[in-house]
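Asker: I have a structure I would like to understand better, so I am pasting it below and will then ask my questions one at a time.
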Amino acid sequence: MDQEYERRLLRQINHQNLPTEARLSKCGSATCSPVSIRSGDRFIPTRAGSNWSINFHYANENCRSPNQTHKVKDATSDSSKGALAWNGEQLSSGSRDRVILQRDVRTSPSAERRLQGHRQEVCGLKWSPDHQHLASGGNDNKLLVWNSSSLLPVQQYSDHLAAVKAIAWSPHQHGLLASGGGTADRCLRFWNTLTGQALQSTDTGSQVCNLAWSKHANELVSTHGYSQNQVLVWKYPSLTQVAKLTGHSYRVLYLAVSPDGEAIVTGAGDETLRFWNVFSKTRCTKESKSVLNLFTRIR
């Protein structure tokens, strides 16, 4: 992570309120960062190589640290949490009522569309890059694909043995969909939605919580829960592991990719955000434009 980005990150954390107390962390290493405290929340950025982590604690006098009052909640047990996915001006949402609602923010809420296909809670949603297809995953272990006009799924995949929360469409190969299963499954699976065929799969060894493709190369990152709580980078289609990133002590439930596509941020039940440089533009390899490649979109 470059120095300018580090400075902007620290300014963003501290610009709203001046710190009431500031001190250097007691660390013999020169890579330790300052610790600053302000009323309300305490933000502790630390640096280790290219990895930033930010710990969130409560510093109010009338509020004890969450670690002192309760254990970190297993987010997978909170059935009230669903899934959201934007598609232009349209928002798709899914929850434990098993229904996917589609609303256009420009119209009345009464004009919503209701998609019914899952038999248990909807826990994953993702629109395809061409905005034509919606993939949904559920606690019924099903992965469904919907088109933009139908009220019923046009494809259903049932190979996963646990809930499907992690879903990602490839930005490089048209119709290529990746999904990850929960603790009883642990597999990454890839699907050709143009033909309805199952492609490669691999056992990751841990619950798959999130998936995201690189914008620059045919690679993807997965975050995991029980039992290893790691972040993995994969090369596709060989499914070789490019990197294994560790540091989180609880399941890595949240993942976001930076606008430039080179860095990611992960959030976990250990109350930390960690920033990683995982995708490099210099390693980008252009996709073959062969007419024999069924996934390549004709432009």
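The values are calculated or read from the model by the stated rules, or taken from the named source; none is laboratory data. Bear in mind the structure is a predicted one, so any value in this text is a computation, not a measurement. When the accessible area is computed, the model is the full protein with side chains, heavy atoms only, and any ligands, DNA or RNA have been set aside. Shrake-Rupley method; radii C 1.70, N 1.55, O 1.52, S 1.80 Å.
Asker: What part of the accessible area of the range 210-288, given as a whole %, is carbon or sulfur when the probe is 1.4 angstrom?
Answerer: Numbers: 1850 of 3420 Å².
Roughly 54 percent of what the probe reaches on the range 210-288 is carbon or sulfur.
Asker: In units of 2.2 N^0.38 Å, what is the alpha-carbon radius of gyration of the range 183-248?
Answerer: Working: Rg = 12.1 Å, N = 66, 2.2 N^0.38 = 10.8 Å.
Rounded to two decimals, the normalised Rg is 1.12.
Asker: Still on this structure, please answer the following. Report P(r) for the range 131-227: all Cα-Cα distances, bin width 5 Å, range 0 to the bin holding the largest distance, values in whole percent.
Answerer: With 5 Å bins starting at 0, P(r) equals 3, 14, 26, 25, 19, 9, 3, 0.
Asker: Next question. First check a/c for the range 92-185, with a ≥ b ≥ c the square roots of the eigenvalues of its C-alpha gyration tensor; if it is under 1.5, answer rounded, and if not, answer prolate when a/b is larger than b/c or oblate otherwise. Mind dumping the intermediate values first?
Answerer: Details: a/c = 2.08, a/b = 1.28, b/c = 1.62.
Here the range 92-185 falls in the oblate category.
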